[in-house]
Amino acid sequence: MWDKIEHNGQEVWVLPVTAYGPPVPETLWHYVGYVCHHGADAHLAGQSRRFQELVATFHSEDEAREAGYDAGRRLADQISTVNA
């Protein structure tokens, strides 16, 4: 399920995804996500910036989600710096 936090005036959305098939004990996880301004339509070009980690693996869904939030915060900070 997609989860959202707010950072630096932007929304950071993250979806943990299993690395290999359906969840089982010892499942490894990746994440996908995007950063957008409040009220943006993330499906339209230029309205969001997407990111993902599909190489490194995480040992739990929560670990993947937190890593995604960290990556999203860094991206939001970069976007804020460029737009300043």
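Things worth noting here:
- Selection of first residues in region 1-19 that are more than 17 Å from residue 70 (Cβ to Cβ) and of second residues that are in a loop (DSSP other than H, G, I, E, B), restricted to Cβ pairs under 7 Å at least 6 apart or on distinct chains, gives the following pairs, ordered by first then second residue: 18/27; 19/28.
- Selection from region 2-27 of residues that are surrounded by fewer than 16 Cβ atoms within 10 Å (Cβ to Cβ), at negative phi and in a loop (DSSP other than H, G, I, E, B): 2, 19, 20, 22, 23, 24, 25
- Among the residues making up region 1-23, those that are more than 15 Å from residue 58 (Cβ to Cβ) and not small (Gly, Ala, Ser) are 1, 2, 4, 5, 6, 7, 8, 10, 11, 12, 13, 22.
- When region 35-74 is filtered for residues that are in contact with a Cys (Cβ under 7 Å, 6 or more places away or on another chain) and in a strand (DSSP E or B), only 48 remains.
- The listed residue being surrounded by 12 or more Cβ atoms within 10 Å (Cβ to Cβ) and not aliphatic (A, V, I, L, M), out of 43, 59, 30: 30
Quick note: the coordinates plus some simple rules give every number you see, no bench work behind them. Here the structure is a predicted model, which means the values were calculated and not measured. Note: ideal-geometry Cβ built from the backbone for every residue, glycine included; neighbour counts use all protein chains shown.
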